[in-house]
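These notes concern the structure reproduced below.
The values are calculated or read from the model by the stated rules, or taken from the named source; none is laboratory data. Not measured: the values here are computed from a predicted model. FYI the Cβ positions are ideal-geometry reconstructions off the backbone, even for glycines, and counts take in every protein chain you see. Only protein heavy atoms, including side chains, enter the accessible area calculation; ligands, DNA and RNA are left aside. Shrake-Rupley method; radii C 1.70, N 1.55, O 1.52, S 1.80 Å.
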Amino acid sequence: MVLEYDSTNPSLVNSVVCFIDILGFQSLGLEAIKNGKGNEFLRDIHSSLTKAKISITSYELLPAKVKVFTDNVVIGWPIMGDGEGELGSTFLNLSEYQLSLALDGYFIRGGISVGEHFMDEETVFGPELIKSYELESNVAVYPRVILSAESKKNVKQFAKFYGDQKDSPFYTEVLEDLDGEWFLNYLYILIDRFEDEIAENDYTALYTYLERHKQRIEESLLKYAGNYKLLKKYAWIANYHNYFCDEFVLIGGNKFKITSPIKMSYPRRIF
């Protein structure tokens, strides 16, 4: 079994494959240039991407490959066993990446698939790259990272390893939207990060991040108030933010909720 991408003998390897980009990146850049703020935007996005990239390139000893070109990211992670570890780690890494950018006001969308793939420094190739790109560009619509049918199948299979499917980490890492798409519950990474503090009913650090996340969303809602096509995408992220406050923030979540001009129904747990 091939366990990594071999540039001396390129071949397709069963992998977790992701394609993600930043929502509205080109229009943001062009608007900044038009307003004479091109260098300011460049410095800001460069800082945000550099900081966020750490969360998806921190495993130097593992065979995962990452290609970053400005707002586009491709990740290929060869599967060595049943794939639970690679898929779960991908969810966690991307959640960190997504949160980091969101806190700077940049929201991403993307797709995660499982299947044959190859990538090295020169080449990226395989059917799952196309599938994850199509998920990002044609299906995700909102700033969410969604799962392919094969990824969902794998999550269901792995959840059966636990006595109760609700004991599976995927139960909190992935949510189901009203259109049936499964997406990463990226804010839950905060619960993991501050688990010890929350256990002691200390929500100080969590509140700091939620407040900043709220402010970034409200800034976007105000900015695009007259553009319904974009407004509904930021209304979606506001709706997700409110759901997280209701579902996962046991103390004081209500004070961080957002009043959105577009009302949507909450997502739900996958099991």
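For region 158-171, filtering for residues that are touching a residue at least 24 places away in the same chain (Cβ under 8 Å) and either surrounded by 13 or more Cβ atoms within 10 Å (Cβ to Cβ) or in a helix (DSSP H, G or I) (or both) leaves 8. Looking only at region 176-183, decide whether some residue is out of contact with any His (no Cβ under 8 Å at 6 or more places or on another chain), free of Cβ contacts under 8 Å to residues at least 12 places away in the same chain and assigned to a helix (DSSP H, G or I). No, region 176-183 has no match at all.
Applying a threshold of 7 Å to beta carbon distances and a minimum spacing of six or more residues, or different chains, the list of pairs starting in region 255-271 at a residue that is part of a strand (DSSP E or B) and ending at one that is open to solvent by 20 Å² or more (accessible area, probe 1.4 Å) reads R268/E176; R269/Y171. Within region 55-67, take every residue that is aliphatic (A, V, I, L, M) and surrounded by fewer than 16 Cβ atoms within 10 Å (Cβ to Cβ) and give me the one that is modelled with the highest pLDDT. The qualifying residue modelled with the highest pLDDT is L62. Those residues that are touching a helix residue (DSSP H, G or I) at 6+ places or on another chain (Cβ under 6 Å) and either small (G, A, S) or not in a helix (DSSP H, G or I) (or both), I need them from region 225-254; list them, please. Within region 225-254, A238, G253 qualify. Against the conditions (1) open to solvent by less than 20 Å² (accessible area, probe 1.4 Å); (2) touching a helix residue (DSSP H, G or I) at 6+ places or on another chain (Cβ under 8 Å), where does V13 fall short? Just the number, please. The number of the failed condition is (2). Within the span defined as region 88-109, one or more residues are in contact with a strand residue (DSSP E or B) (Cβ under 7 Å, 6 or more places away or on another chain), within 25 Å of Y209 (Cβ to Cβ), surrounded by 21 or more Cβ atoms within 10 Å (Cβ to Cβ) and among the small types (G, A, S).
Which strands (runs of 3 or more DSSP E) does region 25-121 wholly contain that include 3 or more residues that are within 25 Å of L190 (Cα to Cα) and not acidic (D, E)? Write out each step before concluding.
Values: elements: 65-69, 72-78, 108-119.
Once the strands (runs of 3 or more DSSP E) in region 25-121 are filtered for at least 3 residues that are within 25 Å of L190 (Cα to Cα) and not acidic (D, E), what remains is 72-78, 108-119.
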